[in-house]
Amino acid sequence: YYLNRHVILMLSNNGVPEEVFLRKQAEMVRRLDAMMKDTRAAEMVLPQLGGVSCLPMLRLMLKGGHSPRDETLLHQCLLAVRTSALAELRAKARILVTDGVCLIGAPDETGQLREECVFLQVRQPVTPG
């Protein structure tokens, strides 16, 4: 999941300090930098990044023991992913949120909730086995 400029503005206008977003942004840049040097970091970051069409190939290379430091193709692909993520961060304030959730809102057409109250239903993912 990502924060974008609109969500950041909404949260900021509702009292979330700017430092929270700056910390998240710095964390994202650190993770992208680590991905370029460390196989384990790349394995953790790549699945969280959306829009990576070559993700299956990159994951196979990483799981096969190839290192971004030693394998030129892997390094160049990771560099392209990193460059794209940083460009979206600059242009759209698109900040990666780890361990995030997606909330979907709808108006209370029944009038059951008091003003400024919300109803939240949480579903745990079903794990096979």
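The values are calculated or read from the model by the stated rules, or taken from the named source; none is laboratory data. Worth saying up front: this structure is predicted, and the values here are computed from it rather than measured. All Cβ positions, even for glycine, are placed from backbone atoms using ideal geometry, and neighbour counts span all protein chains on display. Surface accessibility is based on the protein's heavy atoms, side chains included, excluding ligands, DNA and RNA. Shrake-Rupley method; radii C 1.70, N 1.55, O 1.52, S 1.80 Å.
Screening region 93-110 for residues that are under 23 Å from Gln25 (Cα atoms) and loosely packed, with under 13 Cβ neighbours inside 10 Å and picking the one that is modelled with the highest pLDDT gives Thr98. Residue pairs whose Cβ atoms lie under 6 Å apart, sitting 6 or more positions apart in sequence or on different chains, and linking a residue in region 86-104 that is without any contact (Cβ under 8 Å) to a residue 40 or more places away in the chain to a partner that is of a type in the set (Lys, Arg), are Glu88/Arg94. Each residue in region 44-63 was checked for being under 14 Å from the mean Cα position of the chain (by Cα) and either open to solvent by 40 Å² or more (accessible area, probe 1.4 Å) or acidic (Asp, Glu) (or both), and 5 of them qualify. Within region 1-14, residues that are under 12 Å from Leu89 (Cβ atoms) and polar (S, T, N, Q) have Cβ atoms under 9 Å from residues that are open to solvent by 60 Å² or more (accessible area, probe 1.4 Å) and not in a helix (DSSP H, G or I) in these pairs: Asn4/Arg94, counting only partners at least 6 apart in sequence or on another chain. Against the criterion of being more than 28 Å from Val7 (Cβ to Cβ), among the small types (Gly, Ala, Ser) and surrounded by 10 or more Cβ atoms within 10 Å (Cβ to Cβ), Ser84 does not qualify. The residue of region 32-43 that is surrounded by the most Cβ atoms within 10 Å (Cβ to Cβ), among those that are of a type outside the set (Gly, Ala, Ser) and part of a helix (DSSP H, G or I), is Met35.
Considering region 64-80, the residues that are within 24 Å of the chain's Cα centre (by Cα) and without any contact (Cβ under 8 Å) to a residue 12 or more places away in the chain include one that is least open to solvent (accessible area, probe 1.4 Å), namely Ala80.
If you go through region 1-30 and keep only what is closer than 17 Å to Gly105 by Cβ, outside any loop (DSSP other than H, G, I, E, B) and open to solvent by 70 Å² or more (accessible area, probe 1.4 Å), you end up with His6, Leu9, Met10, Asn13.
You will find that of Arg30, Arg90, the residue that is among the basic types (Lys, Arg), within 16 Å of the chain's Cα centre (by Cα) and at pLDDT 95 or above is Arg30 and no other.
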